[in-house]
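Okay, so here's the structure we're looking at.
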Amino acid sequence: MHDWIIYSIGFTAQILFASRIIIQWFQSEKAKKLKTPVIFWKLSLIAAIIFFFYGYLRRDFSIMLGQAIIYFVFIRNLILQKEWKPSSFIFKFIVIGFPFFAVWYGIFGADIDYNLMFSQQENNGISTWLLITGIVGQLVYTFRFIYQWVYSENKKKSSLPLGFWWLSLVGSAIVLVYAIYREDPVLLASHLGGSIIYVRNVYIGITSSASE
């Protein structure tokens with residue numbers, strides 16, 4: 001597959017990811033406190049499916065791992081917001097069906113060279129240190145949703161707390177290093193742009209907490 005097609009798929013996912021953050025940011029600016037809109041989670045699910053596919057096409061294990069870990073956290077947040085059942089049948093069919101399709105395709109249909117994903121070949125693979133950097137960055141960046149999930153379960157309400165945005169900043173910084181060495185324009189553009197909003201949300205979270 002041509003590189004421009006692969007990158008187009010990646011940028012499509014990142015546009016959806018960026019859209020959810022921008023919507024959340026606008027609502028938070030208006031309310032002067034951190035908000036968690038329903039559309040945030042719906043866009044997250046659709047973007048995760050597309051970005052997982054991008055990771056597969058790029059033979060990038062860290063991307064696929066990150067999306068797989070947090071996929072069901074997105075669904076759980078919709079349930080906490082009582083917006084899962086009202087969602088359309090087509091949306092739920094795609095969201096629930098994708099993991100089963102991915103597993104089936106990975107076992108029976110995909111031509112995956114797992115050795116290539118973890119190889120140290122200069123031209124085709126990813127060096128060990130870079131692979132570790134990518135995985136660590138994705139894990140930190142992904143852990144923000146695990147933290148958010150636990151926080152929301154304790155509060156019995158879907159929320160994007162201040163800690164979520166701090167973890168977003170740290171994870172994004174590590175992924176940026178990975179993106180530069182990996183020469184991945186999709187990751188580079190998304191995390192450069194996202195970091196600005198993460199900083200702003202940290203500020204909103206701090207100031208709103210201080211005023212309460």
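The values are calculated or read from the model by the stated rules, or taken from the named source; none is laboratory data. The shown structure was predicted, so the numbers you read here are calculated from the model rather than taken from an experiment. Neighbour counts are summed over all protein chains in view; Cβ atoms, including those assigned to glycine, are modelled from backbone coordinates with ideal geometry.
Would you mind telling me which numbered condition in (1) assigned to a helix (DSSP H, G or I); (2) crowded, with 20+ Cβ neighbours inside 10 Å Phe100 fails?
(2)
Just for the stretch 13-37: of the residues that are surrounded by fewer than 17 Cβ atoms within 10 Å (Cβ to Cβ) and of a type in the set (Val, Ile, Thr), which one is nearest to Asn77 (Cα to Cα)?
Ile23
Out of contact with any Lys or Arg (no Cβ under 8 Å at 6 or more places or on another chain), touching a residue at least 60 places away in the same chain (Cβ under 8 Å) and surrounded by fewer than 18 Cβ atoms within 10 Å (Cβ to Cβ): which single residue out of Ile90, Ile69, Ile63 fits that description?
Exactly one residue qualifies, and that residue is Ile69.
State whether the residues of the stretch 194-201 include one that is over 21 Å from Leu16 (Cα atoms), out of contact with any helix residue (DSSP H, G or I) (no Cβ under 7 Å at 6 or more places or on another chain) and surrounded by fewer than 16 Cβ atoms within 10 Å (Cβ to Cβ).
No: the stretch 194-201 contains no residue that is over 21 Å from Leu16 (Cα atoms), out of contact with any helix residue (DSSP H, G or I) (no Cβ under 7 Å at 6 or more places or on another chain) and surrounded by fewer than 16 Cβ atoms within 10 Å (Cβ to Cβ).
Quick test of your reading of the structure: Phe101 fulfils all but one of (1) modelled with pLDDT under 90; (2) within 19 Å of Phe145 (Cβ to Cβ). Name the failing condition by number.
For Phe101, the failing item is (2).
Just one of (1) in contact with a Lys or Arg (Cβ under 9 Å, 6 or more places away or on another chain); (2) crowded, with 16+ Cβ neighbours inside 10 Å; (3) modelled with pLDDT of 85 or more trips up Glu83, so point out which.
The number of the failed condition is (2).
Residue by residue through the stretch 23-38, note down the ones that are part of a helix (DSSP H, G or I) and under 19 Å from Ile146 (Cα atoms).
Answer for the stretch 23-38, where residues must be part of a helix (DSSP H, G or I) and under 19 Å from Ile146 (Cα atoms): Gln24, Val38.
Does the stretch 178-190 hold any residues that are touching a Gly at 6+ places or on another chain (Cβ under 9 Å) and crowded, with 16+ Cβ neighbours inside 10 Å, and which are they?
Tyr178, Ala179, Arg182, Asp184, Val186, Leu187, Ser190 - these are the residues of the stretch 178-190 that are touching a Gly at 6+ places or on another chain (Cβ under 9 Å) and crowded, with 16+ Cβ neighbours inside 10 Å.
Of the numbered conditions (1) modelled with pLDDT of 85 or more; (2) in contact with a helix residue (DSSP H, G or I) (Cβ under 6 Å, 6 or more places away or on another chain); (3) small (Gly, Ala, Ser); (4) over 16 Å from Met64 (Cα atoms), Ser190 satisfies every one except a single condition; which is it?
The failed condition is (1).
Please identify the pairs in which a residue from the stretch 38-60 that is more than 11 Å from Gly10 (Cα to Cα) has its Cβ atom under 6 Å from the Cβ atom of a residue that is of a type in the set (Ser, Thr, Tyr), counting only partners at least 6 apart or on another chain.
Listed pairs, sorted by first residue: Leu43/Ser19.
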